[in-house]
Amino acid sequence: MTAIYVNDLVKKYKSGVVALNGLTLTVREGEIFSLLGENGAGKSTLINILTTYLSPTSGTVTLFGKDTYGKAAEIRSKISCVAQRTSIDTHLSLTENMMFQSKLYKVPKSEAVNRMEMLISCFGLDKYLNDSVSTYSGGVKRRLDIALNLMSKPNVLFLDEPTVGMDIQSRMAMWDMVKKIRNNFGTTIFLTTHYLEEADQLSDTICIMKNGKEVIQGSPNLLREHLRQDMLQISFSGKKEAENYFKALKGALALKESDLRQNKILTSLKRGQSDLEKTIRLLLEHGIPFLGIEIIQPTLEDVFISLTSENRKEVS
Ligand SMILES: Nc1ncnc2c1ncn2[C@@H]1O[C@H](COP(=O)(O)OP(=O)(O)OP(=O)(O)O)[C@@H](O)[C@H]1O
Ligand SMILES: [Mg+2]
């Protein structure tokens, strides 16, 4: 079943900025859906419309098959949204925070206690029960914030950049939590992220958006296949060396879509083996001191750069 359906959605702010420009996407029930886009792509505007805090200029938004227009109260009882700033009260204990949330949603007390205990144990929050919430690390605060938002048993959970600024351990704990929410409760999860690795690890479906419109939507594998091209990677001993030879190689090899990343030059392979041979010959003939050359599969980052860069044609 479809959880969220957005069709030809337009949002024009009073200032004249068109934040959403005919966006169309579909989120299936029970999946983890990641929205990726550069700053200003329109991600927060979309979340604000889906969570009924903003009204669209035109277009359709349905939640579980029902048109959301004018039904803010009904929609809000079915969803939860964890914004970037945590909503926990550091003057209250962990359990007081959770019970407070249940009161907001009018969950009967005995049911709330059961649910709270289940959530605390499910997400490994029990070891923090005796500590003051104000002493929690950013990662634990955020996990508590998400647990709070699950007290009302939402059908859809919106997470705006759930792991921004976290170290890798906290981020992995968060990924575990998000997967558990999907697997144990069947909750549909709609998240935004700037981290491609995160979207790749977590998502059933990824939507890349640019300038208020979707560029591509599909599984991580489908997105990778989209490039359908392997890449050629030439490594140098340092960033400076790679920079020095980048321009010369670009000209000599007529590399159109090439990129300099750290100590590596990456380029798409048009003619497989013959491109590789040509490049090796050129490197050797000119005595260019490269460390290695290999054919690699494109990463999701390559797909993202390729689809969102200005000088390439957009799909869709
Ligand atoms: N309240 C507003 N009034 C006018 N313009 C706005 C408003 N909110 C956002 N915008 C503009 O709409 C566009 C989309 O903004 P939005 O915040 O939705 O992008 P975003 O993808 O969430 O970006 P970020 O990754 O930086 O959070 C931007 O050009 C932004 O400046
Ligand atoms: Mg935003």
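The values are calculated or read from the model by the stated rules, or taken from the named source; none is laboratory data. Source: prediction; values computed, not measured. Positions of Cβ are generated from backbone atoms using ideal geometry, with glycine treated the same way; all protein chains shown enter the neighbour counts. Only protein heavy atoms, including side chains, enter the accessible area calculation; ligands, DNA and RNA are left aside. Shrake-Rupley method; radii C 1.70, N 1.55, O 1.52, S 1.80 Å.
At a glance:
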item	result
Tabulated pairs, the range 1-23, first within 23 Å of VAL156 (Cα to Cα) and open to solvent by 80 Å² or more (accessible area, probe 1.4 Å), second within 16 Å of ligand 2 (Cβ to nearest atom) and assigned to a strand (DSSP E or B), C-beta under 9 angstrom, 6+ apart or interchain	ASP8/LEU23
Meets criteria (part of a strand (DSSP E or B), in the same structural domain as GLY218 (by TED's automatic domain parsing), within 13 Å of ligand 1 (Cβ to nearest atom) and modelled with pLDDT of 90 or more) for ASN21	yes
Candidate set: the range 72-103, residues that are of a type in the set (A, V, I, L, M) and without any contact (Cβ under 8 Å) to a residue 40 or more places away in the chain; chosen: the one least open to solvent (accessible area, probe 1.4 Å)	ILE75
Looking only at the range 104-123, and only at residues there that are in contact (Cβ under 8 Å) with a residue 24 or more places away in the chain and open to solvent by less than 50 Å² (accessible area, probe 1.4 Å), the one that is farthest from MET166 (Cα to Cα)	VAL107
Of the criteria (1) part of a loop (DSSP other than H, G, I, E, B); (2) more than 19 Å from GLU29 (Cα to Cα), which one SER152 fails	(2)
Some residue of the range 196-205 being open to solvent by 30 Å² or more (accessible area, probe 1.4 Å), under 30 Å from LYS106 (Cα atoms) and in contact with a Lys or Arg (Cβ under 8 Å, 6 or more places away or on another chain)	no
Which listed residue is polar (S, T, N, Q), open to solvent by 70 Å² or more (accessible area, probe 1.4 Å) and modelled with pLDDT of 90 or more, from THR62, THR51, THR57	THR57
Residue match in the range 95-109 (condition: modelled with pLDDT under 90 and within 25 Å of the chain's Cα centre (by Cα))	no
Test: residue in the range 182-190 that is open to solvent by less than 50 Å² (accessible area, probe 1.4 Å), within 28 Å of ASN155 (Cα to Cα) and under 13 Å from the mean Cα position of the chain (by Cα)	yes
Cβ pairs under 7 Å, 6+ apart, first in the range 38-53 and closer than 13 Å to LEU23 by Cα, second buried (at least 20 other Cβ atoms within 10 Å of the Cβ) and of a type in the set (D, E, K, R)	ALA41/LYS210; THR45/LYS11; ILE47/ASP160; ILE49/LYS11
Filtered residue count, the range 65-88, keeping only those that are of a type outside the set (Ser, Thr, Tyr), modelled with pLDDT under 90 and under 21 Å from the mean Cα position of the chain (by Cα)	3
Meets criteria (open to solvent by 10 Å² or more (accessible area, probe 1.4 Å), in contact with a strand residue (DSSP E or B) (Cβ under 8 Å, 6 or more places away or on another chain) and within 16 Å of ligand 2 (Cβ to nearest atom)) for LEU46	no
Qualifying positions in the range 165-222 - assigned to a loop (DSSP other than H, G, I, E, B) and of a type in the set (Lys, Arg)	none
Filter result for THR52 (outside any strand (DSSP E or B), farther than 30 Å from LYS127 by Cβ, away from ligand 2 (no atom under 16 Å from the Cβ) and in contact with a Ser or Thr (Cβ under 8 Å, 6 or more places away or on another chain))	yes
